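Undergrad: Dropping a structure here in structure tokens format, bear with me for questions.
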Amino acid sequence: MPVPKMLRLLLRPLIVLVVSAPIIILLLAVQTGPIVSSADPLTGDEITRIEQLLLESAPSTPGVTSQQSLQLDVDELNLLLGYGLNLLELSPSWAAQFSIEAESLSSKMSVQILSGWLPLYLNMTGEFIEENSQLRLDQVVIGNVQIPDRLVAMGLDRLSNNLMQSTPVFSDVNDLLNNIETIEIAGSQMRIQLLWDPVLIGRISDDAQRLFISEEDRTRIINYYQSINEIATSIPTDIRAISLNELFIPLFTEAREYSINGNDPVAENRTLLQALAIYVNNEELEQLVGAELAADIPAAKFIEVRLLRRQDLAQHVVSIAAITASAGAEFAELLSTTKEAYDARYRSGFSFSDLTANTVGVTLAGYLTADNIMAMEMQRRLTQLQTETDYMPEVGNNRDGISETDFNAIYIDRNSVEYNQRLDEIQTIIDARPLFQGLQ
């Protein structure tokens with residue numbers, strides 16, 4: 001039955017409106033300028049402050065379940081937020097900022113979705129209010145469009161469920177959020193009381209590592225882990241410790257062969273370091289490849305690995321090298337200095353020997369993953385190692401075991417001229433090692 005002409009005339013604009021509604025909403029949501037500008041690169045003082053925040057947030061005994069209290073002002077929240085965006089390589093395309101007022105936490109975010117002669121940004125604002133000692137997202141605005149509260153709640157629930165079902169780390173993060181007992185906003189500060197669960201924290205760390213490891217890299221890690229086991233199995237049973245070079249030379253010989261035959265040399269070097277870090281620290285392979293894949297791989301025969309006759313130096317070099325290859329030098333250096341500051345406060349004291357080994361690890365991984373040409377050149381050099389001092393300086397003259405009080409008396413803080421001169425001296429000594437000659 002034909003539709004009357006008058007009805008067709010009435011339906012036409014309605015149909016056009018319905019079809020074009022998503023486009024209209026998109027145009028209202030997208031804007032030509034950001035509401036938050038990208039932050040400037042972090043200064044030395046800001047990096048030092050982040051280290052201090054990490055130090056203050058860590059429990060004195062991380063392996064024991066305990067109650068922890070955190071207190072952050074708005075500047076510290078924004079400092080950590082900016083560092084996180086840089087670490088995830090989202091900056092400068094992404095920019096975000098927190099503000100605290102009237103017992104609520106407000107957030108702004110700008111994401112550049114198109115550059116060039118007509119830049120376009122997706123601008124979002126949200127407001128979190130304190131409710132029953134927790135924070136609840138109360139209002140979301142995208143561009144000029146305010147999203148209905150019910151739609152926001154539905155979207156968050158669906159996103160949360162999808163993430164927890166698809167990725168284990170998000171389920172663990174949800175458990176961590178559930179461990180937050182109270183959140184209080186007062187003045188310009190946010191106070192958090194939570195239960196520190198070392199088992200959960202360790203699981204989140206392992207899940208986060210696996211999140212950024214591809215299937216191809218998992219295969220490579222398993223391959224190098226099995227090669228390490230073959231090397232360890234061939235060593236006589238009466239030998240209780242070996243030099244790090246006894247693993248470096250055959251493993252990088254293998255990596256070089258793969259690279260010559262067309263494999264990605266940067267990926268080979270990165271996964272070699274990851275597998276080696278697992279072995280040297282006597283940890284489980286499933287941390288990197290997951291329980292399902294690791295179940296079919298026999299545990300490698302463990303032999304203590306040393307550098308300059310010290311197991312801890314080998315662990316420092318390889319661990320920080322693996323972190324640098326995976327997450328970048330900036331993050332590795334932050335962990336390195338924060339760890340030494342933590343030791344100065346709670347454990348055996350600040351160690352320049354450990355810091356030297358960490359710097360060797362950062363330097364080594366930096367060259368191994370710089371680009372394909374440098375990666376293959378480093379493979380070649382590592383197959384021809386003569387002694388451990390080809391890359392690791394002697395550290396016998398370092399003053400170690402420095403308490404936090406003594407450290408501050410000598411160097412004031414980790415941003416002082418004196419401390420940075422000491423770091424420069426360490427880097428200069430490392431750069432002069434035969435392995436690194438002519439690479440700068």
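The values are calculated or read from the model by the stated rules, or taken from the named source; none is laboratory data. Please read these numbers as outputs of a predicted model, since none were measured by experiment. Cβ sites come from the backbone with ideal geometry, for glycine too, and all protein chains shown count toward neighbours.
Undergrad: Considering only residues that are aliphatic (A, V, I, L, M) and touching a Ser or Thr at 6+ places or on another chain (Cβ under 8 Å), which ones fall in the range 82-96?
TA: Leu85, Ala95, Ala96
Undergrad: Any residue that is farther than 29 Å from Asp197 by Cα, outside the structural domain of Glu330 (by TED's automatic domain parsing), in a strand (DSSP E or B) and within 26 Å of the chain's Cα centre (by Cα) - is there at least one of those in the range 51-67?
TA: Taking every residue of the range 51-67 in turn, none turns out to be farther than 29 Å from Asp197 by Cα, outside the structural domain of Glu330 (by TED's automatic domain parsing), in a strand (DSSP E or B) and within 26 Å of the chain's Cα centre (by Cα).
Undergrad: Right, here's the next one. Do you know which of the residues in the range 101-120 that are at pLDDT below 85 and part of a strand (DSSP E or B) is nearest to Asn178 (Cα to Cα)?
TA: Residue satisfying both the conditions and the ranking: Ser104.
Undergrad: Something else now. Among the residues of the range 69-88, write down those that are assigned to a helix (DSSP H, G or I), farther than 20 Å from Glu184 by Cβ and not polar (S, T, N, Q).
TA: Selection gives Leu79, Gly82, Tyr83, Gly84, Leu85, Leu87.
Undergrad: Which of the residues spanning the range 217-275 are under 17 Å from Ala321 (Cα atoms) and aromatic (Phe, Trp, Tyr)?
TA: Listed by number, the residues that qualify are Tyr224, Tyr225, Phe248, Phe252.
Undergrad: How many of the residues in the range 115-135 are surrounded by 12 or more Cβ atoms within 10 Å (Cβ to Cβ) and either under 23 Å from Met190 (Cα atoms) or of a type in the set (A, V, I, L, M) (or both)?
TA: 11
Undergrad: Right, another one. With the requirement that a residue be farther than 23 Å from Ser57 by Cα, buried (at least 17 other Cβ atoms within 10 Å of the Cβ) and of a type in the set (Ser, Thr, Tyr), what does the range 77-105 give you?
TA: Ser91
Undergrad: Hey, another quick one. Evaluate the following for Leu79: is it farther than 25 Å from Glu333 by Cα and either assigned by TED's automatic domain parsing to the domain that holds Thr182 or modelled with pLDDT under 80 (or both)?
TA: no
Undergrad: A further question on this structure: For the range 20-32, check the following and say yes or no: at least one residue is touching a Leu at 6+ places or on another chain (Cβ under 8 Å), hydroxyl-bearing (Ser, Thr, Tyr), at pLDDT 70 or above and exposed (fewer than 15 other Cβ atoms within 10 Å of the Cβ).
TA: Yes, the range 20-32 has at least one match.
Undergrad: When the residues of the range 280-311 are filtered to those that are acidic (Asp, Glu) and loosely packed, with under 15 Cβ neighbours inside 10 Å, which remaining residue is nearest to Gly396 (Cα to Cα)?
TA: It comes out as Glu304.
Undergrad: Could you grab me the full set of residues in the range 291-305 that are in contact with a Lys or Arg (Cβ under 8 Å, 6 or more places away or on another chain) and within 11 Å of Ile221 (Cβ to Cβ)?
TA: Passing the criteria: only Leu293.
Undergrad: Still on this structure, I have one more. In the range 237-252, what count of residues is obtained for those that are polar (S, T, N, Q) and part of a helix (DSSP H, G or I)?
TA: Selection size over the range 237-252: 1.
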